[in-house]
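Undergrad: One structure, pasted below without further comment.
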Amino acid sequence: MKKRTVLFPGKGRKPEDIMSYIGRLKQNDARWDTGKMFGFVYYPESPAAEVLKAVSQLYFFENALNPNLFSSIVHLENQTVSMVADLLHGNEDVAGNITLGGTESIFLALKAARDRNRRLHTEITVPEVILPVSVHPAFHKAAHCLGFKTVVLPLSADFKADVSQLSGLLTKNTILIVGSAPSYAHGMIDPIEEMGQFAYQNKLLFHVDACLGGFMLPFAEELGYPIPPFDFRVQGVTSISADFHKFGYGAKGSSVVLYRNRELRKDQLFAFSRWPGGIFGSPTLMGTRSGGPVAAAWTILHLLGRQGYLEMTRKTLEGTDRLKNGIHTIPGLNLVGNPLTSIFSFTSTLNDIFMISEEMESKGWVFDRIAQPEAIHLIVTMLNLAHIDEFLSDLQTATATAGKKKLKKTTSLLSRKVVNKMMDLFPGKAQSLIGTMAADAFKKSGTGNEKGSATFYGIAASRDNKSDIDAMILDILDKTYS
Ligand SMILES: *Cc1c(COP(=O)(O)O)cnc(C)c1O
């Protein structure tokens with residue numbers, strides 16, 4: 001047994017020491033203020049950023065758990081929910097809550113659906129939810145925790161949920177379907193109107209995941225982009241999630257879940273009065289929670305207003321169009337689908353795209369990769385707008401470099417094959433090997449040091465046996481938090 005080296009501190013430390021310790025640690029973090037990070041950080045710029053911090057501070061020690069004690073938080077939450085309900089074309093009946101994030105909003109929407117089913121349809125013991133392939137993993141996480149059976153809906157060639165296959169997947173146990181507006185992976189908006197019609201006709205609940213798009217699509221539509229209706233205007237939509245901490249430009253730890261009416265929201269709420277500690281009730285998943293993110297959400301809506309969001313969306317989409325056009329001019333690079341917002345992915349027909357991403361990361365760019373198809377994934381925010389030409393010029397070089405390293409490309413494809421084979425033959429050994437590689441790739445990401453990441457991402461994307469990859473990721477997580 002290795003001896004524990006970090007022990008509970010004895011004497012207290014000076015605040016200056018603590019600040020300088022954390023300050024030094026933070027220097028190893030990925031830089032977002034360079035404008036070279038896509039997604040992850042949504043920065044509303046000065047002075048809004050300072051105001052958000054200031055209102056968050058106002059609620060640093062307060063507790064949103066008890067609505068009677070800190071009624072200002074309830075007031076701000078109810079007003080915020082109402083403003084978003086208005087934005088998403090809900091009527092007076094729409095009800096909802098602020099949560100800590102998209103995952104919690106999604107969890108609650110599934111819990112409400114499950115418990116409603118238990119109340120009204122006792123004959124269904126294992127409820128089924130139909131999830132498009134491209135849906136965010138938070139739905140699988142929630143379904144896993146809540147005892148749903150997940151039924152996966154394939155995508156059409158345009159990377160949208162294939163509605164024509166819905167009826168084939170419907171069983172007597174189906175209670176809920178989900179669509180994304182847009183999906184994280186491809187930035188595509190599922191055919192929400194058709195799905196809504198299907199849900200309505202079959203008396204199913206229908207959740208629209210607008211975690212990414214909730215604070216962009218309404219403004220893009222107003223600016224004249226051809227955004228199809230995705231919100232409460234669509235008959236059949238029963239709940240929607242939207243994240244303040246993404247394009248809402250709010251504080252981290254804030255999202256909203258909305259239901260078409262309070263009757264649908266009822267099963268989200270929880271009460272327990274048999275507790276010796278007294279009566280207990282809570283609207284969301286968390287008990288004790290901060291009022292800070294709530295106050296920040298209220299604040300950012302008021303600071304920017306419709307006009308501010310329109311302006312930010314206009315700039316972001318103009319920048320995105322410039323970026324997309326530039327990518328088109330580089331030989332071999334193609335967009336995945338035809339996404340309308342600032343979330344999109346691109347592939348390469350000529351080179352290993354993960355080698356291109358490795359080159360780009362070594363120049364300080366930070367972004368995600370997706371696996372199906374293998375592609376570089378960009379979420380363009382306000383932070384990136386001044387750096388689009390720089391990105392394109394680096395991309396041109398990176399593509400050329402990856403092309404010149406043809407041999408290396410073959411090696412990377414070959415090593416993929418070898419490792420894949422090894423994982424079949426010697427699962428333990430190969431997994432620990434690739435686990436080390438992966439841990440390395442993750443550790444370095446954003447520091448311009450990710451040489452070798454291409455092989456790892458290549459293997460993870462191309463391996464058929466995904467349970468091997470899952471096991472490896474669990475192992476990495478376990479080691480990361482030890
Ligand atoms: C980010 C995201 C989520 C999950 O939200 P978290 O706030 O990270 O929990 C769900 N759906 C989509 C489309 C997302 O982009």
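Undergrad: Just to be sure I understand the model, the point goes 7 Å from the Cα along the line to the Cβ. What's the resulting SER72 to ASN261 distance in nm?
TA: It works out to 3.6 nm between the two label points.
Undergrad: Along Cα→Cβ, 7 Å out, is where each label goes; now give me the distance between the ones at SER467 and THR288 in nm to one decimal.
TA: 4.1
Undergrad: Could you rank the peptides 114-127, 282-295, 389-402, 253-266 by their average count of other C-beta atoms within 10 Å per residue, with the highest value first?
TA: Descending packing order for the listed peptides: 253-266, 282-295, 389-402, 114-127.
Undergrad: Now a separate question. Kirkwood Rh over Cα pairs of the stretch 107-164 into Stokes-Einstein at 20 °C, 1.002 mPa s: D in µm²/s?
TA: 175
Undergrad: Same structure, new question: Tell me the Rg and the Dmax, in Å, that the Cα atoms of the chain produce.
TA: 23.5, 71
Undergrad: Report the semi-axes of the equivalent ellipsoid for the stretch 348-414 in whole Å, largest first, where each axis is √(5λ) for an eigenvalue λ of the Cα gyration tensor.
TA: Those come to 22, 14, 9 Å.
Undergrad: Ok, one more. If you take the alpha carbon radius of gyration of the stretch 1-93 and divide it by 2.2 N^0.38 Å, what ratio comes out, to two decimals?
TA: 1.67
Undergrad: How large is Rg over Rh for the stretch 1-55, taking Rg from the Cα atoms and Rh as the Kirkwood inverse mean of 1/r across Cα pairs?
TA: 1.14
Undergrad: So, one more: Roughly how many Å² is the accessible area per residue of the stretch 177-331, as a whole number, for a 1.4 Å probe?
TA: 39
Undergrad: Find the centroid of the Cα atoms in the stretch 361-410 and in the stretch 218-233, then give the distance between the two in whole Å.
TA: Between the Cα centre of the stretch 361-410 and that of the stretch 218-233, the gap is 30 Å.
Undergrad: Now, a different point. LYS53: which lysines have alpha carbons under 26 Å from its alpha carbon, excluding same-chain residues fewer than 8 sequence positions away?
TA: Cα-Cα hits under 26 Å: LYS14, LYS26, LYS36, LYS246, LYS252, LYS315.
Undergrad: Considering the options GLY10, THR125, THR150, tell which one lies farthest towards the positive end of the dipole of the chain, charges being +1 on Lys and Arg and -1 on Asp and Glu at the Cβ, about the Cα centre.
TA: GLY10
Undergrad: Same structure again: Between ILE279 and ILE22, what's the calculated FRET efficiency when r is the beta-carbon distance and R0 is 35 Å? Round to 0.05.
TA: That gives a FRET efficiency of 0.30.
Undergrad: Same structure, new question: Please check which bits of the stretch 75-111 a label hung off LEU269 would reach, taking the label as a point 7 Å along Cα-to-C-beta and the cut-off as backbone N under 15 Å.
TA: 78, 94-98
Undergrad: I've got another one for you. Need one number: the % of Cα-Cα pairs in the stretch 291-372 sitting beyond the 19 Å mark.
TA: It works out to 55 percent of all Cα pairs.
Undergrad: Full extension from LYS141 to LEU335: what is 0.36 nm times the residue separation minus their Cα-Cα distance, to one decimal in nm?
TA: Gain in length upon complete extension: 66.9 nm.
Undergrad: A follow-up question, please. Placing +1 at every Lys and Arg Cβ and -1 at every Asp and Glu Cβ, with all other atoms neutral, what dipole size does the chain have around its Cα centre, in debye to the nearest 20?
TA: It works out to roughly 1740 debye.
Undergrad: Once every Cα of the stretch 207-316 carries one equal point scatterer and solvent is ignored, give the base-10 log of I(q)/I(0) from the Debye formula at q = 0.12, 0.17, 0.20 Å⁻¹, two decimals.
TA: -0.53, -0.92, -1.15
Undergrad: May I pose another question? Using a simple spin-label model with points 7 Å from Cα along the Cα→Cβ vector, what separation in nm is obtained for TYR225 and ASN63?
TA: Placing both labels 7 Å along Cα→Cβ, they lie 4.3 nm apart.
Undergrad: How much length is gained on full extension from LYS405 to ASP475, taking 0.36 nm per residue of separation minus their Cα-Cα distance?
TA: 22.0 nm
Undergrad: With every protein chain in place, what's the accessible area of GLU318 (1.4 Å probe, Å², nearest 10)?
TA: 100
Undergrad: Using 0.36 nm per residue, how much length does the chain from ASP424 to LEU303 gain when fully extended, once their Cα-Cα distance is taken away?
TA: That pair, ASP424 and LEU303, stretches by 38.0 nm at full extension.
The values are calculated or read from the model by the stated rules, or taken from the named source; none is laboratory data. Predicted, not measured: the structure shown is a model, and the values here were computed from it. Please note: Cβ atoms are built from the backbone with ideal geometry, for glycine as well, and neighbour counts cover all protein chains shown. The protein model used for the area step is the full one, side chains on, heavy atoms only, and it has no ligands, DNA or RNA in it. Shrake-Rupley method; radii C 1.70, N 1.55, O 1.52, S 1.80 Å.
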